[in-house]
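Asks: Pasting a structure here, questions to come.
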Amino acid sequence: MLTPREIIAQAWTVTTTEPSLKRWGFAGSALRLLLDIKLVGYQFYFAYAYMAGKEVGLFDDGIWLYENAPLSVFWIILIAFAVLVVTELFLPIFCDGAIIGLTAKSHNKERVSGGFILGMYNFFPIFAVHQIFVFSGINLLVTAISILLRYGSGLTGFMIVIATILWLFSSILSFLASFAEPAIVINKIGVFEAIGHSVKLTFSYPGHIIFLILLLLIISFRIAVNIAILILIPGLVIGLGIVLTYVLTPTISYTIAGAIALALTLVAAYFFMYLHVFKQAVWTIMYMELTKEKDLDKIG
């Protein structure tokens, strides 16, 4: 079995040398980042309204657009926005199936191809895993706290504590199920069997926990950078849009600001692509190496 250092080295080599992994990784990272920027943008809006003592709703931007734009423009933007959000929610999961499968093929010295089939075949099982541990997402915690601050009434503090505890508990379970997705893609087993298999592997090889903690530190660094960029991009766009309105029309100003925001998002997604593919490659290769060992509960 490969050592943790060899696994890291091989995962990084796969990440930087396989073009198909980069393509799938970039697509998934860009869509995730776009969805996160929308979430942060809405939270900025809600935070401003909360501090100003105003009552605001989730669809205020849609209502404003309906009242101020031609009806045809309103429907084009609404449909495009809805299609984009659906794509951002589901396509990254499709990409994860492709990344895991292509990494496994590369590790086995097979031809690295078939990403679309791998993503399509494994989409629903991986989606089910994501939904089981949906409360482990930091995005959901931020959204829940935002809603509680606005509508929690006298139970706000208590409900925020409950939401945080639920997030911590789900995060621990999600960590124990880290090998579930590779198990689904590589061994073609069911969702709950894959989760159970992952938990068993995690407890069977406590010596690898140090390596897993190292990986978590890398992921934590990625999250910190991600949060910084998510805060920076909406702030830059809003500030630039306001400044440009002094010399240009509002439509042209916000169009320029939006184009710059999209360019910044794509650049950020390019760097996040390496981190995301690397993380998936590490878990996948480590799973393949651990499953070569005999199960500790088997005798003879």
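Asks: Set the Förster distance to 51 Å, then compute FRET efficiency between Glu110 and Ala82 from the Cβ-Cβ distance, nearest 0.05.
Replies: 0.85
Asks: Going down the table (Lys38/Lys109; Lys38/Lys188; Lys109/Lys294), which pairs top 30 Å between alpha carbons? Please report the intermediate quantities before stating the final value.
Replies: Numbers: Lys38/Lys109 40 Å; Lys38/Lys188 35 Å; Lys109/Lys294 23 Å.
From the list (Lys38/Lys109; Lys38/Lys188; Lys109/Lys294), the Cα-Cα distance tops 30 Å for Lys38/Lys109; Lys38/Lys188.
Asks: Okay, moving on. Work out, step by step, the length gained on full extension between Ile252 and Phe74: first 0.36 nm times the residue separation, then minus their alpha carbon distance; give nm to one decimal. It would help to have the intermediate numbers written out before the result.
Replies: On the way: separation 178, 0.36 × 178 = 64.08 nm, distance 1.77 nm.
Gain on extension, Ile252 to Phe74, equals 62.3 nm.
Asks: A further question on this structure: Compute, for Ile186, the solvent-accessible surface of its heavy atoms (probe 1.4 Å) with the complete set of protein chains present, and express it in square angstrom to the nearest 10.
Replies: The value for Ile186 is about 50 Å².
Asks: Oh, and also: Which trypsin sites (Lys or Arg not before Pro) in the stretch 87-161 sit in a loop by DSSP (not H, G, I, E or B) and have at most 16 other Cβ atoms within 10 Å of their own Cβ?
Replies: The qualifying sites are Lys109, Arg111.
Asks: Given a cut-off of under 8 Å on Cα pairs at least six residues apart, what relative contact order in percent is computed for the stretch 93-198?
Replies: 29
The values are calculated or read from the model by the stated rules, or taken from the named source; none is laboratory data. If you're wondering where the values come from, they're calculated on a predicted model, not measured in any experiment. Here the Cβ is made from the backbone with ideal geometry for all residues, glycine too, and neighbour counts use every protein chain on show. With ligands, DNA and RNA removed, areas are computed over all heavy atoms of the protein, side chains included. Shrake-Rupley method; radii C 1.70, N 1.55, O 1.52, S 1.80 Å.
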